[in-house]
Amino acid sequence: MEKGKRFWGLHFDFHAKNTDEIGIRTEAEDIERYLLAAKPDFIQCDSKGHEGNSSYPTKVGKQAALIKSDNLRVWRDVTKKHDVPLYVHYSGVWDAEYVDAHPDEGQRNKDGELTGRISLFGSYLDDCMIPQLKEFADDYGIDGAWIDGDCWAVQCDYSDRAKAVLGENLTPIEHNIAMRDAFFKYVQTYVDAIHKHAPHFKITSNWIYTPTSPDKPTVDVDFLSGDLSPQDSVHDVRFASRCTALRGKPWDLMAWGFEWTHFTDKPAVQLMQEAAGVLSLGGGFQVYITQNKDGSARRANVDRVAKIAEFVRAREMLFEKEPIAQVGALYSEYGYYHCREKGGCPFASGDTRIPLVGALNATLDAQYTLNVLCDYQADRFDEYNIMLVPEWDDIGDDMRRKLLAYAERGGKLVLLGAKACRSFGDMIGTKFGETVTIDEAYLLGDDGCFAAVNNALGKTKVSVDVLDLTSGEGTIYTNADLRDGILPSYRIDDYGKGKIAYVPYNFGYHYSLGRSYNVRNYLKKILMQLEAPVIEIDRTNIDLTMQECDDGLIVNLLNMQQGRHSLTYLVYDEVPEVYNVTVKVKGKFTGVTMPLGEKFTYELTDDGAVIKLERLDIHSIIVLKK
């Protein structure tokens, strides 16, 4: 075990309340059972939750009312005995008790009501948080902190403290951006303080520089981390991992070891499948297991964590290998912060990210490899054969020019949505017709089946805006009838040495809310006309990722089947195997290995390799030697 590495870990927390007797059942043996079964690189346990009650006998903060013994001391002693780094789970911005005791230090909403979150413009860091971080390092020898309830707990603050710094006449967008900047300054303050006091102490703010913030990393956190959605995590991990993997810092993601609705434990198989989505993109992985309300480790069968540990450890060769991909998808910092008129949380997406999520899922469903790139990574566009621009309301003229320059140099640009198509067209003089609103919109699949494209959450269909491209290929229909085709469904133009593909409706938004194999195939047809996939596979429901290694290329195969047919089936204990899988990879290779020991054959050709795999369980690794 490499000291300080965050490849594989377990997370425990319980958000202490004033009604629970803490420490009365905390036994070293119960914690030790998890350590011996999982053999983790690190452990995280509770120190202060969103309620604001410290779950240990703090000298500087507000401790829970019924602490009977030093629960944190037991966790520290056991992890130290086994030489396992211990991090604390600590709620930052969300601290209801501190706000209750110091109402002048709390965030306030538009109506002047306290939100239970601290104001970024008060003295909380100096009076509470930084002293507690130092207490962890000095009194307990804690190795680091995972700060929860931070960016996503920030609200647009209307308190007197905020007004004194920001002024009183901000637009909602200006307020969002000001709060974002204040948050980054707030995090840098506590990171600098603990690093100066205890240089060994590793710290992050949960979800900073991940899906919640497409900003260039400037705050000196030691690593990036976040917790996946507890429901349908195997699809959530697609987006979360790709928004984190290229940010230039070590990273890991946490899977909830249970589903949220009924607090039912997820079986090992389900968590292994979630792990594969993280590991195959170079991240570390941790599982969240609740602590009991008294702070003790749950007495439970630890065979589950042992199985997950075995699965994760077998894939350690993937750790910190940056993914490469054929398609890049733009996560627009400009669009994320500048195109939300409503105030609220600057790091909460609302509907803003839905088109990106939908475009990403459709591209992966079409079995192209994809990475997510932010505005500040425009200098990396040329690493991708195709750049996909989801239907952000606006990405700014500067980014449009950079993407057009990319296409002019030979890149293939895919624009989704009427607004995006028209904004680029206006910049380069491409003439389009009017944007029309259609109550029902359909595409026709190659199998003769019509597919509705205008899905909406909780509804069958909603009206959709479609740009008249005036020419192009395919047809958008107003009814599931061949007589009712009205507009081209896409158009591909030459531009410089490259191409621009125009998709005239909000593809990503609607695909995110209702997937269809025919709509997926519609996007694949467009992508195929721009660039054939580097990897071809003869099965659906398998995600593909690529990583470079010292002597060649790593191709990951992720079985996305879930042993269920709807989200009402929240936990599942099988991932149905896929048999007789053929994978074709383009390139010049000298040999093929599969380090996990699967049965396979391969053939080298002039332009690539053909690998035939007898059986794919959850995740397989193919290493192609150059």
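Condition check for Asp426 on (1) closer than 25 Å to Glu536 by Cα; (2) at pLDDT 95 or above: one failure, at (1). Residue pairs whose Cβ atoms lie under 8 Å apart, sitting 6 or more positions apart in sequence or on different chains, and linking a residue in region 427-439 that is more than 11 Å from Pro504 (Cα to Cα) to a partner that is at pLDDT 95 or above and of a type in the set (Gly, Ala, Ser), are Lys431/Gly425. For residues that are part of a loop (DSSP other than H, G, I, E, B) and among the basic types (Lys, Arg), scanning just region 398-456, find the one that is surrounded by the most Cβ atoms within 10 Å (Cβ to Cβ). Looking at residues that are part of a loop (DSSP other than H, G, I, E, B) and among the basic types (Lys, Arg), I get Arg409. Could we say that Gly52 is within 23 Å of Arg117 (Cα to Cα) and at pLDDT below 95 here? Considered against the rule, which asks whether it is within 23 Å of Arg117 (Cα to Cα) and at pLDDT below 95, Gly52 comes out as no. Taken over region 486-510, the criterion of being out of contact with any helix residue (DSSP H, G or I) (no Cβ under 8 Å at 6 or more places or on another chain) and either in a loop (DSSP other than H, G, I, E, B) or within 19 Å of Asp447 (Cβ to Cβ) (or both) is satisfied by Pro488 alone. Residues in region 316-331 include at least one that is outside any loop (DSSP other than H, G, I, E, B) and over 26 Å from Ala362 (Cβ atoms). Considering every residue within region 596-603, establish whether at least one is in contact with an Asp or Glu (Cβ under 7 Å, 6 or more places away or on another chain) and among the β-branched types (Val, Ile, Thr). Scanning region 596-603 turns up no residue that is in contact with an Asp or Glu (Cβ under 7 Å, 6 or more places away or on another chain) and among the β-branched types (Val, Ile, Thr).
Does Val466 fit the bill of being surrounded by 19 or more Cβ atoms within 10 Å (Cβ to Cβ), in contact with a helix residue (DSSP H, G or I) (Cβ under 7 Å, 6 or more places away or on another chain), closer than 16 Å to Phe432 by Cβ and β-branched (Val, Ile, Thr)? Here the answer is yes, as Val466 does meet what is asked.
Taking first residues from region 272-284 that are among the acidic types (Asp, Glu) and partners that are surrounded by 24 or more Cβ atoms within 10 Å (Cβ to Cβ) and modelled with pLDDT of 95 or more, the Cβ contacts under 7 Å between residues at least 6 apart in sequence or on separate chains come to Glu274/Val237; Glu274/Ala255.
Once region 157-185 is narrowed to residues that are of a type in the set (S, T, N, Q) and modelled with pLDDT under 95, the residue that is nearest to Pro214 (Cα to Cα) is Asn176. Count, please, the residues in region 469-483 that happen to be surrounded by 18 or more Cβ atoms within 10 Å (Cβ to Cβ) and modelled with pLDDT under 95. Residues meeting the conditions: 0.
Within region 62-91, the set of residues being touching a Ser or Thr at 6+ places or on another chain (Cβ under 7 Å), closer than 29 Å to Met179 by Cα and crowded, with 24+ Cβ neighbours inside 10 Å comprises Val88, His89, Tyr90. For region 1-13, which positions are modelled with pLDDT under 95 and not aliphatic (A, V, I, L, M)? Within region 1-13, Glu2, Lys3, Gly4, Lys5 qualify.
Checking Gly358, Gly335, Gly282, Gly295 one by one, the residue that is crowded, with 23+ Cβ neighbours inside 10 Å and assigned to a loop (DSSP other than H, G, I, E, B) is Gly295 and no other. Every condition in (1) over 16 Å from Thr115 (Cα atoms); (2) touching a Gly at 6+ places or on another chain (Cβ under 7 Å) is met by Ser159 except one, and the failing one is (1). Cβ-Cβ contacts under 8 Å between residues 6 or more apart (or on different chains), taken from a first residue in region 328-356 that is among the β-branched types (Val, Ile, Thr) to a second residue that is modelled with pLDDT under 90 and surrounded by fewer than 23 Cβ atoms within 10 Å (Cβ to Cβ), are listed as Thr352/Cys339; Thr352/Arg340; Ile354/Leu513.
For region 301-326, what are the residues that are more than 13 Å from Pro40 (Cα to Cα), surrounded by 15 or more Cβ atoms within 10 Å (Cβ to Cβ) and without any contact (Cβ under 8 Å) to a residue 60 or more places away in the chain? Arg304 - this is the single residue of region 301-326 that is more than 13 Å from Pro40 (Cα to Cα), surrounded by 15 or more Cβ atoms within 10 Å (Cβ to Cβ) and without any contact (Cβ under 8 Å) to a residue 60 or more places away in the chain. Note on region 107-116: residues that are surrounded by 21 or more Cβ atoms within 10 Å (Cβ to Cβ) and more than 22 Å from Trp207 (Cβ to Cβ) total 1.
Scanning region 511-551 for residues that are assigned to a strand (DSSP E or B) and surrounded by fewer than 19 Cβ atoms within 10 Å (Cβ to Cβ) yields Glu536, Glu548, Cys549. Checking Asp236, Asp252 one by one, the residue that is closer than 24 Å to Asp13 by Cα, of a type in the set (D, E, K, R) and in a helix (DSSP H, G or I) is Asp236 and no other.
The values are calculated or read from the model by the stated rules, or taken from the named source; none is laboratory data. Nothing here was measured: the structure is a model prediction, and the numbers come from that model. All Cβ positions, even for glycine, are placed from backbone atoms using ideal geometry, and neighbour counts span all protein chains on display.
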